[in-house]
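Undergrad: Just dropping this structure here.
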Amino acid sequence: MIADPFKVHTPMIVPSILSANFAFLERELNEVMGAGADFIHLDVMDGNFVPNISFGPVVITAVRASTPAYLDAHLMVADPVKYAEPCVRAGAQSITFHIEAVKDPVSTIRLIKKLGCHVGVSLNPATPASAIYPALDEVDLVLVMSVVPGFGGQKFIPGSLARIEEIRKRLRHDQRLEVDGGIDETTIADAANAGVDWFVCGSSIFGQLDRGQAISDLRACLTASRWKSRAQEPVVEE
Ligand code: DX5
Ligand code: ZN
């Protein structure tokens, strides 16, 4: 388990509980954390920004009470400012909102930062990477969606790799790049080679009978990849 994934720079395997069995959430969390997952990804959906409803602060409170893991909240909601505070109060330690949901990303980042959490910005597959550039300086992480958000179990969109490479070049070494959607044994190494640090895995972990084996197999793919810390690399200036 990684207490603060910003303090160390290694590739992180991040199970998304969207694909977990909610009837046994505490057991599910303990199983994946005990099997070597780094921290937990929470998909908050409002049925408005995306055509699905998942869970909100009530469930985050239950997750917080069940695991000491770092909690990474991905807000697929039309009004992130409204939901950020209750999610942080419930125990989320990072809040990532969608660039498509807000008019003024920089002021949204500043408002959320005041809550004392890490802040990320995410972009959908159809959104040009350049849409996030004005906000890049202020965020702790960028979450690249490699599927259309809303549901687990979809196929990785290959064009995401070029977007990841493009965004990676613009990040400082203290910022992190996260990918979400369709990450499994066939895609994780390509994403690592393109520059991803944090790998959200829903169905490729919770959809498997043996979650421990699933995590070790994903970890083995990362070990065999060309992932490297970018701490020494220069940042590209516009
Ligand atoms: C999709 C969510 C993802 C989802 C990923 O909208 O943001 O976090 O749980 O699921 P998989 O890994 O199955 O694509
Ligand atoms: Zn997500």
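The values are calculated or read from the model by the stated rules, or taken from the named source; none is laboratory data. These numbers were taken from a predicted model, which means no experiment stands behind them. Using ideal geometry, Cβ is built from the backbone for each residue, glycine included, and neighbour counts are taken over all protein chains shown. When the accessible area is computed, the model is the full protein with side chains, heavy atoms only, and any ligands, DNA or RNA have been set aside. Shrake-Rupley method; radii C 1.70, N 1.55, O 1.52, S 1.80 Å.
Undergrad: Quick one: with all protein chains in place, what share of the accessible area of segment 1-122 is carbon or sulfur, to the nearest percent (1.4 Å probe)?
TA: 55
Undergrad: Next question. Can you pull the accessible area of SER203 for me, 1.4 Å probe, Å² to the nearest 10?
TA: 50
Undergrad: Let me ask another. Please give the solvent-accessible surface of PHE22 in Å², to the nearest 10, using a probe radius of 1.4 Å with every protein chain present.
TA: Using a 1.4 Å probe on the heavy atoms, I get roughly 90 Å².
Undergrad: Pairs LYS7/LYS169; LYS7/LYS82; LYS7/LYS155; LYS103/LYS228; LYS114/LYS169: which are spaced more than 23 Å apart, C-alpha to C-alpha?
TA: On the way: LYS7/LYS169 21 Å; LYS7/LYS82 28 Å; LYS7/LYS155 31 Å; LYS103/LYS228 35 Å; LYS114/LYS169 28 Å.
Distance filter (> 23 Å) returns LYS7/LYS82; LYS7/LYS155; LYS103/LYS228; LYS114/LYS169.
Undergrad: Just for segment 1-149, what percent of DSSP beta bridges are antiparallel, to the closest 5? If you can, show how the numbers build up before the last one.
TA: Numbers: 1 of 21 bridges.
If we restrict to bridges inside segment 1-149, about 5 percent are antiparallel.
Undergrad: Let me ask something additional. HN-Hα J couplings of segment 116-123 from phi, Karplus 6.51/-1.76/1.60, θ = phi - 60°, integer Hz, Gly and Pro as x?
TA: Coupling constants for segment 116-123: x, 10, 6, 10, x, 10, 10, 9 Hz.
Undergrad: If you don't mind, another one. Taking 22 Å as R0, compute the FRET efficiency from the Cβ-Cβ separation of VAL148 and LYS103 and round it to 0.05.
TA: It comes to 0.50.
Undergrad: Per-residue accessible area for ARG176 at 1.4 Å probe radius, Å² rounded to 10?
TA: 10
Undergrad: OK, next. Mind checking the per residue accessible area of the chain for me, 1.4 Å probe, whole number of Å²? List each step's numbers first, then the result.
TA: On the way: 10210 Å² over 238 residues.
Solvent-accessible surface per residue comes out at 43 Å².
Undergrad: Taking R0 as 25 Å, what's the FRET efficiency between THR10 and LEU111 from their Cβ-Cβ distance, rounded to 0.05?
TA: Using R0 = 25 Å, I get an efficiency of 0.25.
Undergrad: Using a 1.4 angstrom probe on the protein heavy atoms only, line up VAL179, VAL106 by accessible area, largest first.
TA: Final ranking, largest accessible area leading: VAL106, VAL179.
Undergrad: Compute the length gained on full extension between MET1 and GLU85: take 0.36 nm times their separation in residues and subtract their Cα-Cα distance, giving the result in nm to one decimal.
TA: Details: separation 84, 0.36 × 84 = 30.24 nm, distance 2.51 nm.
Between MET1 and GLU85, full extension yields an extra 27.7 nm.
Undergrad: Let me ask something else. Test of understanding: what is the full-extension gain from ASP137 to ALA23, defined as 0.36 nm times their sequence separation minus their Cα-Cα distance?
TA: Roughly 37.0 nm would be gained on extension.
Undergrad: For the full complex of protein chains and a 1.4 angstrom probe, list LEU177, LEU111 by accessible area with the highest value first.
TA: Largest accessible area first, the list is LEU111, LEU177.
Undergrad: Expressed as a whole percentage, what fraction of the accessible surface of segment 131-214 belongs to carbon and sulfur atoms when a 1.4 Å probe is rolled over the protein heavy atoms? All intermediate terms of the calculation are to be shown ahead of the outcome.
TA: Details: 1630 of 3150 Å².
Carbon and sulfur: 52 percent of the exposed surface of segment 131-214.
Undergrad: Which order do peptides 66-73, 92-99 fall in by mean Cβ count within 10 Å, highest first?
TA: Working: 66-73: 20.9, 92-99: 25.5.
With the highest mean Cβ count within 10 Å placed first, the list reads 92-99, 66-73.
Undergrad: Can you run the Rg to Rh ratio on segment 118-238? Use alpha carbon positions and the Kirkwood inverse-distance Rh. The partial results should precede the final answer.
TA: On the way: Rg = 14.2 Å, Rh = 14.7 Å.
On the Cα set of segment 118-238, Rg over Rh gives 0.96.
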